[in-house]
Amino acid sequence: MLQTDDLFLGGLALLRGGQLMDVKVRGTNGRRVAIFTITGSAALAAETDYYGGSTLVDLQMLKLQVRRLKDRGFDAIREEEKGAGHEGGHRAHQGGERPRGDRR
């Protein structure tokens, strides 16, 4: 079993045949981070190759798996924020005000 917040490591593990079993959310320095649990012997072999630097992949296939993890991660974070009563997902209000002296 592999647990990681690294999208590229997770994507490689999925590309190699690992199965995404769970997505958990935890806080790190005030930020919410998705932690992916990927099972299968291919996931552990992918981790060894990833950190050993001996990995060759089809870049388009890796990109698809990374996108899959990002989508699942953001969904999990939004669900957790919604359950905790936070303003999840919609952040258009941030940084939208003009400076006080700039009124017309």
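Key figures for this structure:
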read-out	value
Residue that is nearest to the chain's Cα centre (by Cα), among those in segment 7-29 that are surrounded by 15 or more Cβ atoms within 10 Å (Cβ to Cβ) and farther than 13 Å from Ala42 by Cβ	Leu7
Cβ pairs under 7 Å, 6+ apart, first in segment 22-48 and free of Cβ contacts under 8 Å to residues at least 40 places away in the same chain, second crowded, with 16+ Cβ neighbours inside 10 Å and part of a helix (DSSP H, G or I)	Phe36/Gly10; Phe36/Leu69; Ile38/Gly10; Ile38/Ala13; Ile38/Leu14; Ala42/Ala13
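Quick note: the coordinates plus some simple rules give every number you see, no bench work behind them. All figures in this text were calculated on a predicted structure; none of them were measured in a lab. Backbone-built Cβ (ideal geometry, glycine too); neighbour counts: all protein chains shown.
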